[in-house]
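Here's the structure we're looking at; comments come further down.
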Amino acid sequence: MSDDSGVPAFWRALDLPGLADVHTHFLPERMLRRVWAHFDEGGPLIGREWPIRYRWSEAERIQHLATLGVRMFSALAYAHRPGMAADLNEWTLGFAAATPGCLPSATFFPEPGVDEYVRSALDRGARVFKVHLQVGGYDPRDESLDPVWGLLAETGTPIVVHAGSGPVAYGFTGPQPIGAVLARHPRLCALIAHMGAPEYEGFLALAERYERVGLDTTMAFTDFFETMAPFPRTLFGRLKDLGLAGKVLLGSDFPNIPYPYAHQLAALARLELGDDWLRAVCWHNAARLFNL
């Protein structure tokens, strides 16, 4: 599968109704331009260029996901300073309401009033949250967040958490900080973004230890990531078991990827973990989690 034209044939061959992608991004236009500029300038920091493949209009990006057969996707936004999250939630929840197939998404940041606006987002139908410990640079153990973690654990609402140290370690990344949160809130439904790269083994261990912890495949196993943070073949058996147990979900980082969407799927297929594993990761695990 060399380009996106082959994506529908991929999921049809697996006898799936389409794809469920838990990790995609849609943002207010001004913020999106700033994010893309950050990627444009990030080459020296990560040691290589990161060209945005799908630098298209919002309408074109939505249509492309539909053409690919992505039936469920997210509009993940994340706050990197105080005073941002509530406004972002207003936008992402409105976007989901107007966009078929989009999960209502929200975010939060350690600040006064965080528990109130998280509860408000839940009341408005938020079904997935996103936090980015690397970009936000904050400790997930911050006491202001304890009521939030507790509320999300109680409601069973999934949170996509960028907790790994890739592409560059900063702040409170790695398995230990979020692991301490899980120890306090063991029923939390945390989906570790990027398979936790590069601390793969530590995050796999958290998924094995906690019933509601999983991982998303975002950028993992692709040529781009394998040159920076290769996934150890010694972990393939555990990866297979977790996927079949419902704990590995498809993520892509669309549109902020430097290769075709199809490459993420091809990278999963070449792991040779079996069609049942691919079916689980590309559709069934998300379908169960989000009641599709």
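The values are calculated or read from the model by the stated rules, or taken from the named source; none is laboratory data. Everything numeric in this text was worked out from a predicted model, so none of it was measured. Neighbour counts are summed over all protein chains in view; Cβ atoms, including those assigned to glycine, are modelled from backbone coordinates with ideal geometry. To get the accessible areas, we keep the full protein, side chains included, count just its heavy atoms, and leave off ligands, DNA and RNA. Shrake-Rupley method; radii C 1.70, N 1.55, O 1.52, S 1.80 Å.
Applying the Kirkwood pairwise sum to the alpha-carbon positions of segment 135-292 produces a hydrodynamic radius of 15.8 angstrom.
Distance from the alpha carbon centroid of segment 184-230 to that of segment 56-84 works out to 21 angstrom.
Pairs of alpha carbons in segment 112-164 separated by more than 16 Å make up 40% of all such pairs. Taking the square roots of five times each eigenvalue of the Cα gyration tensor of the chain, the equivalent ellipsoid has semi-axes of 26, 22, 20 Å, listed largest first.
FRET efficiency for the pair Asp142 and Glu208, taken as 1/(1 + (r/R0)^6) with r the Cβ-Cβ distance and R0 = 30 Å, rounds to 0.70.
Between the amide H of Ala190 and those of Ile159, Val213, Gly214, distances stay under 5 Å, these residues lying 5 or more places away or on another chain, with hydrogens modeled in the peptide plane. Computed over protein heavy atoms with a 1.4 Å probe, the carbon and sulfur contribution to the accessible area of the chain reaches 51%. In the full protein context, the chain carries 41 Å² of accessible surface per residue, based on a 1.4 Å probe and ignoring ligands, DNA and RNA. In this structure, the amide hydrogen of Ile257, modeled 1.01 Å from its nitrogen in the peptide plane, lies closer than 5 angstrom to those of Arg53, Tyr54, counting only residues at least 5 positions away or on a different chain.
Listed by number, the DSSP H helices of the chain that run 15 Å or longer by alpha-carbon position along their axis and have mean Kyte hydropathy of at least 1.0 come to an empty list. For segment 1-102, taking the reciprocal of the average inverse distance between every pair of different Cα atoms yields a Kirkwood hydrodynamic radius of 15.4 Å. Shape descriptor for segment 227-279: Rg over Rh equals 0.97 (Cα atoms; Rh from the Kirkwood inverse mean 1/r). In the chain, the DSSP-assigned H stretches of four residues or longer account for a calculated mean residue ellipticity at 222 nm of -12000 deg cm²/dmol, using -39500 (n - 2.57) per stretch and the full residue count as denominator. Near the amide H of Ser165, within less than 5 Å, lie the amide hydrogens of Gly174, Glu199, all on another chain or at least 5 residues away, with H placed in the peptide plane.
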